[in-house]
Amino acid sequence: MLDLLGAFEDMPEWDEVADLLFNAGLTLNPSELHGVLVGLMGAGFSPDDRHHLEQTLSSVEKASGVQLQGELVDMVSRLNLATLSAIVDTDYAFRMILPDDDDPIDQRLRSFSNWVTGFISGFTEGMTVRKAIGASIPPEVAEVLKDFAALAQVETDQVESEEAERQLEELVDYVRLAAISIVQDAMNSRELEA
């Protein structure tokens, strides 16, 4: 299935993605873009399949409202494969694309909110595309999506403090593990369908 174990080492950093988006004239937050990609995977899209990569690019454009071309297509493809590799890694190497821990807490909270919003948008777009083949949303995934919708409303004007750092870390861990679970369930379902 995958010949990309270890590709997660090629995962671009938040700043690298931000630079590419900015240079392309886009204001999309890198965290939101990554969330959209993971949401699409959670809806059953597979980046290791050429057809799905083309559908993923089209769906990313719809879910995020941006036009992908040139270097952005290559970066999204690389980000997609690195993300899938990290999700299937038995050491749970998957991490959300967020600003560095050194960046201000309000920027990291805003990006966290953008990531979760992106996941919901990507998942919704992915399920819309897959509805045509009768796919449905499992009840446990629906519960997580409700949690994500609430988490997307996180207050971003927090003052730098150990408590704020701890809370953000807990939120990121919850979302990270929930996203891994949703994507792995989608992969297992896809394998059963094949």
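The values are calculated or read from the model by the stated rules, or taken from the named source; none is laboratory data. No experiment lies behind these values; they were computed from the predicted model shown. As a convention, Cβ positions derive from the backbone with ideal geometry for all residues, glycine included, and neighbour counts pool all protein chains shown. Protein only, heavy atoms only, side chains kept; ligands, DNA and RNA dropped before computing areas. Shrake-Rupley method; radii C 1.70, N 1.55, O 1.52, S 1.80 Å.
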Only one of (1) exposed (fewer than 11 other Cβ atoms within 10 Å of the Cβ); (2) over 13 Å from Gly42 (Cα atoms) does not apply to Ser136, and that is (2)
Exactly one of Glu162, Glu170, Glu143 is open to solvent by 60 Å² or more (accessible area, probe 1.4 Å) and either over 19 Å from the mean Cα position of the chain (by Cα) or basic (Lys, Arg) (or both), and that residue is Glu162
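Give Asp106, Asp91 a once-over and let me know the one that is at pLDDT below 90 and either of a type in the set (Asp, Glu) or within 15 Å of the chain's Cα centre (by Cα) (or both).
Matching residue, one of Asp106, Asp91: Asp91.
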Within the stretch 62-91, residues being basic (Lys, Arg) and either under 11 Å from Leu20 (Cβ atoms) or part of a loop (DSSP other than H, G, I, E, B) (or both) number 1
The condition of being free of Cβ contacts under 8 Å to residues at least 40 places away in the same chain and among the small types (Gly, Ala, Ser) holds, among Gly122, Gly126, Gly65, Gly118, only for Gly65
Going through the stretch 90-124 in order, the residues found to be open to solvent by less than 30 Å² (accessible area, probe 1.4 Å) and closer than 22 Å to Gln184 by Cβ are Phe94, Met96, Ile97, Phe112, Trp115, Val116, Gly118, Phe119, Gly122, Phe123
Given (1) out of contact with any Ser or Thr (no Cβ under 7 Å at 6 or more places or on another chain); (2) surrounded by 15 or more Cβ atoms within 10 Å (Cβ to Cβ); (3) not hydrophobic (A, V, I, L, M, F, W, C), Ser58 misses just (2)
